[in-house]
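The values are calculated or read from the model by the stated rules, or taken from the named source; none is laboratory data. These figures come from a predicted structure and were not determined experimentally. Surface areas here come from the heavy atoms of the whole protein model, side chains and all, with no ligands, DNA or RNA. Shrake-Rupley method; radii C 1.70, N 1.55, O 1.52, S 1.80 Å.
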Amino acid sequence: MTYLGYVVAAYAVFAGVLAIDAIGSHLRLRRAQQDARQRQLRQQARRSASAGNGLPLELER
């Protein structure tokens, strides 16, 4: 009786879960970077629009 099939399957499952985790982390990081970039562009647009009329931003003190 050999456990070779079980061991190979266990390693395959481990590698698959590891790959799925790595891909998911990469996608989440990329999305967070895109969100941060868009938020920065919106803030810059607000500042440039606000600077034109001399009024402070809504949440600035």
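A 1.4 Å probe, protein heavy atoms only, puts the accessible area of Leu41 near 110 Å². Provide the gained length on full extension for the span Thr2 to Ala15, in nm with one decimal, where the gain is 0.36 nm per separating residue minus the Cα-Cα distance. Stretched fully, the Thr2-Ala15 segment lengthens by 2.5 nm. Compared with the alpha-carbon gap, the fully stretched path from Gln44 to Leu27 is longer by 3.5 nm at 0.36 nm per residue.
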